[in-house]
Amino acid sequence: MLHKILPTTLCVVMSAAVYAQKDTSSVTVQVITDKDNKKVIVDKDGEVWQKTTRRKNITTSWFGGLDLGFSNFVDNTNYASAGAQAFAPNSDASWFDLRNGKSVNVNIWLVSQKVNLINHNVNLKYALGLELNNYRFKNPVRFNANLPYVEWDRTEGRAYSKNKLAADYVTFPVMLNFDFGKHTGGYSVTKKHKKGFEISAKKTKEWGFSAGISAGYLYSARNKTITSDEGKQKLKDNLNLNPWKLSYVAEVNLGVISLYGSYAMKGMFKNGLDMTPYNVGIRF
């Protein structure tokens, strides 16, 4: 016969996607212990909860993360050089001015893992995903498959409603994570749903940061334009972009929201233009 009732408040901890961590409110439950020292956890509605296994040292998430942010670049090109003028004749820095609000970065994380190194406060995080970058230009610059790779479109009467360079990568980031959030002794608790599903009620907030590097491989590049006379045009080519992209990457976890950023180690083009890309945004 159940004879001992110990009210308590349990924080339910679950591992969500490595890059997608959200928080809900805590839940008050009762721990009922019988004469055989067996415990049953009951919430205020009388529904039974079940304690799960100890927190895993390696957690895996599939299709669990999404980043939304902005793409831009630092332009260190010497436009007076022969290489820059061969790449884009008569060009100067103003040619490649961006529409900042429309130059977007989207990262889709296909699989990610988090490996506990020290008490779940220091972890190794890595993932495999797609990095999609769109650079929207203000000016009528057109890319070509061969030299000159960029030209100013001086067609009389032609108006541009869209002009973008898209560069998409398969990317693999590796980061060292420092999580300062409180944990419930390494255990997680889930609620048993009537239909047999386990539904997480709460996880601890993740406060901390991560930093590391990423390696990306260019799998798609294109210059897409929409003009008044040609309509939609799309040139698919590598456009002299570097096939590999190595970047410094970081994220800051602020409980209910995460911010991310990346900064490439070298320019995005093989030669001619010295533009170092970077991304910043919100991680869901």
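Being open to solvent by less than 40 Å² (accessible area, probe 1.4 Å), under 25 Å from G261 (Cα atoms), in a loop (DSSP other than H, G, I, E, B) and of a type in the set (S, T, Y) is true of T77. For region 275-284, the count of residues that are in contact with a strand residue (DSSP E or B) (Cβ under 8 Å, 6 or more places away or on another chain), open to solvent by 10 Å² or more (accessible area, probe 1.4 Å), in contact (Cβ under 8 Å) with a residue 40 or more places away in the chain and under 24 Å from D92 (Cβ atoms) is nonzero. One residue alone among S247, S228, S188 is modelled with pLDDT of 95 or more, open to solvent by less than 40 Å² (accessible area, probe 1.4 Å) and out of contact with any Cys (no Cβ under 7 Å at 6 or more places or on another chain), and that residue is S247. Scanning region 241-265 for residues that are touching a strand residue (DSSP E or B) at 6+ places or on another chain (Cβ under 9 Å), over 18 Å from V74 (Cβ atoms) and of a type outside the set (F, W, Y) gives P243, E251, V252, N253, L254, G255, I257, S258, L259. The requirement of being at pLDDT 95 or above, assigned to a strand (DSSP E or B), among the polar types (S, T, N, Q) and open to solvent by 20 Å² or more (accessible area, probe 1.4 Å) is not satisfied by N139.
The residues of region 57-73 that are open to solvent by 50 Å² or more (accessible area, probe 1.4 Å) and in contact (Cβ under 8 Å) with a residue 60 or more places away in the chain, listed by number, are L66, L68, F70. Annotation: of all residues in region 105-121 being under 20 Å from R283 (Cα atoms) and hydrophobic (A, V, I, L, M, F, W, C), the one that is surrounded by the most Cβ atoms within 10 Å (Cβ to Cβ) is W109. Would you point out which residue out of L254, L259 is open to solvent by less than 80 Å² (accessible area, probe 1.4 Å), at pLDDT below 95 and at negative phi? Of the residues listed, the single one that is open to solvent by less than 80 Å² (accessible area, probe 1.4 Å), at pLDDT below 95 and at negative phi is L254.
The values are calculated or read from the model by the stated rules, or taken from the named source; none is laboratory data. In this text, all values refer to a predicted model and were calculated from it rather than measured experimentally. Every residue, glycine among them, receives a Cβ derived from its backbone with ideal geometry; neighbour counts consider all protein chains shown. When the accessible area is computed, the model is the full protein with side chains, heavy atoms only, and any ligands, DNA or RNA have been set aside. Shrake-Rupley method; radii C 1.70, N 1.55, O 1.52, S 1.80 Å.
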